[in-house]
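Inspection log for the structure reproduced underneath, given as structure tokens.
The values are calculated or read from the model by the stated rules, or taken from the named source; none is laboratory data. This structure is a prediction, so every number in the text was calculated from the model and none was measured. Glycine gets a Cβ as well: all are built from the backbone with ideal geometry, and neighbour counts include every protein chain shown.
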Amino acid sequence: MLRKLYDKKIPAIGLAIFRIAYCLVLFAEIVQFYYFRHLIFDKVPYLDQAEINFGIPIAIWGISVLFIAFGLFTRTATIVNYLLSLILIGSITTYEYHMFYAYMGINFLLIFLPISTSISIDRLLLKYKYSNTKFEYNPPAEVSVLAYFIPILVGVAFVYFDSIFFKFSSEFWMKGLGMWLPTSVPPIILNDLQFLLNQEYLMYFLGYLTLVFEAIFLFTFFRKRWRVPLLIIGIGLHVGILICYPIPWFALGMCSLYLLMVPISWWALFFGTNKKRLPTITFYYDGECPLCNRTKITIKHFDIFKKIEFKTVQYYAEQEPLLKDIPYDTLLDDIHSIKNGKVYKGLDTYIQVLNSMIYTKPLSWLLRLPGIYHLGKVVYAYIAKNRNTERCTEENCGYTPPVIPPKEEELKILHNFTLKDLKIKIITAGVLALCLLQLIISYNSDLNVDIRQKIGVEDNKFNKKIERTAKSIESIGQTYMGITHHAVFVQDHFTEYNHNIAIAYINPLNDAEEWLPITEEDGTTGLYLLGSIWAKWGFRVNGNMIDQNNLEKGIRDFTAFWAYKNGADLNDATFTIKVKKIDTPKSWEKDFLKKQMQKPWKDVGTARWRDKEYFIDIPIIEEL
């Protein structure tokens, strides 16, 4: 079956769109990671710093991701990206953020996927390498359908598959409250969606829809007739997550994976490759000029909407009435173009080209600016004057075809064993290993434990040995490939979540309170709490069952970080600790969220910094 899928080739455009979208999301995550690096890695932010400067590897990581997004030196960049993600996020043990696991899995796969086949600078460099004035090389633009399926398998299907084993043993999910309950807890949400939460049957529908969707996804995503319904539901659910919860990079990252399920015909329709479009501008160039040919190849490469038609001066200029009054040598010396019946030359041609390619319009506007325009004309004139040409003579007009890269089925490793055969065997072994790894890890999921308890084998010595083995294997799979359990938004996260905590800085000049951007006054999450930082605060510092020691350390770290960023003097700084007691949601109730948001805050303690020493006086929160 895998051989058949490997042999099925489809355009790589969707894989390229995924590469760009995924890298933009990952880059945004890295920017946030860089901003909060002292909160994440320092023993005490800025006061007791980490032994190495994490800003440098994080910056290199971000640069490598940009290289992947542009498709430049892609293979090297993917290796750097994976190694740095392994060091920076694969090694974090103080708190759990499930998007980190998705990054690890996808970053591992990016090393092997043909992600630079389309819309990449690497593809352009290949064209340069094997093209000349008489031959234009176009690298293969199709990839195996497995390049689309495998990232979805690891990044989406495995996540849903394992999470089902937790959701099926979670009481509120089985009651259809999987959407309503988490969105009714103020410390968990980003926006007040009380109007939607009050639609009881809609909430039940979305809750059960999510259960069914995740349960069947692994077994249906590769089937053509299921693809569009799954795509619509999946993106819809994750757009909902983007709106509801402070985990934007998780929502957008999953949406980027869903781009791999978009039918290729949709991309063809969007880019206009499924029908012949009339060009808006005709570009005339010297066909015997290597630089002009490279210019044509470059523009053609970036003209993804096919707005430009290319013609050589030697063969086509005399057929164009608008060019008949221009001397032949002038046509050779300067790039010319025709758009809407008007002739442009030199820099003006490039301005019109950029304007025609739609997404490069801002560059055309930039080149029109006084100063830039005149400098551009000087640079263009210098290059045009000093370029080389290869005029056709009796000695050089013969054609020698270039040696292009051989196809994988033509490269023999053994007598009857080609590179293609080797790749198929490696892919087969890899996919089977990943599936087996996820099955082993899922052995310890809640539902499986419940089943073993009901049939009386949970305490069996052999079972305990399997559990220990599965746990050991999970630590390896989780760290290196992001294959792990996915107990996200389940019963244990919300049981007894009956409190909300906020921190306010007391301004020493006027005793006014300034709320730290951790918790808003209505109890929802503040600007600091996005992605991994929300996971750190929402479930490790202010979790459903508060560990007082973690709470005190968390308040220390967040106040120290905020103070440094906002110029507060930790030689003498006081923070008020506020607590709001809220009800734990158990069954659907109209206006439940609104009632929790309206509950009053109570000042319960203080955190003080004196001469950069930390002191805290707060009661046991669970006893309030």
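Numbers for the structure displayed
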quantity: From VAL159, VAL239, VAL228, residue being touching a residue at least 24 places away in the same chain (Cβ under 8 Å), among the β-branched types (Val, Ile, Thr) and surrounded by fewer than 17 Cβ atoms within 10 Å (Cβ to Cβ); calculated: VAL228
quantity: Residues of the range 384-406 satisfying the condition of being modelled with pLDDT of 75 or more and either in contact with a Ser or Thr (Cβ under 9 Å, 6 or more places away or on another chain) or loosely packed, with under 11 Cβ neighbours inside 10 Å (or both); calculated: LYS385, ASN386, VAL403, PRO406
quantity: Filter pass, GLY543 being more than 30 Å from ASN198 (Cβ to Cβ) and surrounded by fewer than 21 Cβ atoms within 10 Å (Cβ to Cβ); calculated: no
quantity: Within the range 328-346, tally of residues that are in a loop (DSSP other than H, G, I, E, B) and either over 16 Å from LYS307 (Cα atoms) or small (Gly, Ala, Ser) (or both); calculated: 4
quantity: Selection from the range 128-156 of residues that are surrounded by fewer than 17 Cβ atoms within 10 Å (Cβ to Cβ) and modelled with pLDDT of 95 or more; calculated: none
quantity: Hey, VAL143 among the β-branched types (Val, Ile, Thr) and not in a helix (DSSP H, G or I) or not; calculated: yes
quantity: The range 176-199, subset closer than 21 Å to GLU496 by Cβ and small (Gly, Ala, Ser), residue surrounded by the fewest Cβ atoms within 10 Å (Cβ to Cβ); calculated: GLY178
quantity: Evaluation of ALA317 against (1) more than 19 Å from ALA381 (Cα to Cα); (2) under 41 Å from the mean Cα position of the chain (by Cα) (one fails), failing number; calculated: (2)
quantity: Count of residues meeting criterion [in contact with an Asp or Glu (Cβ under 9 Å, 6 or more places away or on another chain) and aliphatic (A, V, I, L, M)] in the range 303-325; calculated: 1
quantity: Sole residue being in contact with a helix residue (DSSP H, G or I) (Cβ under 6 Å, 6 or more places away or on another chain), in contact (Cβ under 8 Å) with a residue 24 or more places away in the chain, within 30 Å of TYR201 (Cβ to Cβ) and hydrophobic (A, V, I, L, M, F, W, C), chosen from LEU570, LEU593; calculated: LEU593
quantity: Residue list for the range 181-200, restricted to those being of a type outside the set (A, V, I, L, M, F, W, C) and in contact with an Asp or Glu (Cβ under 9 Å, 6 or more places away or on another chain); calculated: SER184, PRO186, ASP192, GLN194, ASN198
quantity: Answer residue from the range 466-508, given it is modelled with pLDDT under 85, outside any helix (DSSP H, G or I) and of a type in the set (A, V, I, L, M, F, W, C) and is farthest from LYS602 (Cα to Cα) among those; calculated: ALA487
quantity: Hey, ASN566 in contact with a strand residue (DSSP E or B) (Cβ under 6 Å, 6 or more places away or on another chain), under 23 Å from GLU29 (Cα atoms) and not aromatic (Phe, Trp, Tyr) or not; calculated: no
quantity: Selection status of ILE30, outside the structural domain of TRP562 (by TED's automatic domain parsing), among the aliphatic types (A, V, I, L, M), under 30 Å from THR559 (Cβ atoms) and surrounded by 20 or more Cβ atoms within 10 Å (Cβ to Cβ); calculated: yes
quantity: Criterion (under 28 Å from ASP303 (Cβ atoms), outside the structural domain of GLY253 (by TED's automatic domain parsing) and within 13 Å of the chain's Cα centre (by Cα)) met by exactly one of ILE20, ILE106, ILE119; calculated: ILE20
quantity: Residue match in the range 287-301 (condition: among the charged types (D, E, K, R), buried (at least 16 other Cβ atoms within 10 Å of the Cβ) and under 31 Å from the mean Cα position of the chain (by Cα)); calculated: yes
quantity: Residue count for the range 542-563, restricted to those that are closer than 24 Å to TYR245 by Cα and in contact with a strand residue (DSSP E or B) (Cβ under 8 Å, 6 or more places away or on another chain); calculated: 8
quantity: Residue within the range 101-113 that is in contact (Cβ under 8 Å) with a residue 12 or more places away in the chain, touching a strand residue (DSSP E or B) at 6+ places or on another chain (Cβ under 8 Å), surrounded by fewer than 19 Cβ atoms within 10 Å (Cβ to Cβ) and of a type outside the set (S, T, N, Q) present; calculated: no
quantity: Test result for TRP266, closer than 19 Å to PRO151 by Cα, over 20 Å from the mean Cα position of the chain (by Cα) and not in a loop (DSSP other than H, G, I, E, B); calculated: no
quantity: Entirely in the range 524-624, the strands (runs of 3 or more DSSP E) that have 3 or more residues that are of a type in the set (Lys, Arg); calculated: 572-581, 602-610
quantity: Some residue of the range 575-595 being in contact with a Phe, Trp or Tyr (Cβ under 7 Å, 6 or more places away or on another chain) and closer than 30 Å to GLN49 by Cβ; calculated: yes
quantity: Among residues of the range 45-88, those that are at positive phi and touching a His at 6+ places or on another chain (Cβ under 9 Å), counted; calculated: 1
quantity: Selected residue (criterion: surrounded by the fewest Cβ atoms within 10 Å (Cβ to Cβ)) from residues of the range 421-477 that are charged (D, E, K, R) and under 18 Å from PHE149 (Cβ atoms); calculated: LYS425
quantity: The range 308-321 residues that are within 18 Å of PRO279 (Cα to Cα), paired with ones that are surrounded by fewer than 18 Cβ atoms within 10 Å (Cβ to Cβ) and not β-branched (Val, Ile, Thr) (beta carbon under 6 Å, 6 or more apart); calculated: ILE308/PRO279; GLU309/PRO279
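The rows are residues; the columns are (1) exposed (fewer than 11 other Cβ atoms within 10 Å of the Cβ); (2) outside the structural domain of ILE299 (by TED's automatic domain parsing); (3) out of contact with any strand residue (DSSP E or B) (no Cβ under 9 Å at 6 or more places or on another chain); (4) at pLDDT 85 or above.
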residue: GLY341; (1), (2), (3), (4): yes, no, yes, yes
residue: TYR344; (1), (2), (3), (4): no, no, no, yes
residue: ASP348; (1), (2), (3), (4): no, no, no, yes
residue: GLN352; (1), (2), (3), (4): no, no, no, yes
residue: LEU363; (1), (2), (3), (4): no, no, yes, yes
residue: TYR373; (1), (2), (3), (4): no, no, yes, yes
residue: LYS377; (1), (2), (3), (4): no, no, yes, yes
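Here is a yes/no grid of residues against (1) modelled with pLDDT under 90; (2) hydroxyl-bearing (Ser, Thr, Tyr); (3) in the same structural domain as LEU26 (by TED's automatic domain parsing); (4) over 23 Å from TYR34 (Cβ atoms):
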position	(1), (2), (3), (4)
ASP511	yes, no, no, yes
ILE518	no, no, no, no
GLY531	no, no, no, no
LYS536	yes, no, no, no
ARG540	yes, no, no, no
MET545	yes, no, no, yes
TYR564	no, yes, no, no
GLY567	no, no, no, no
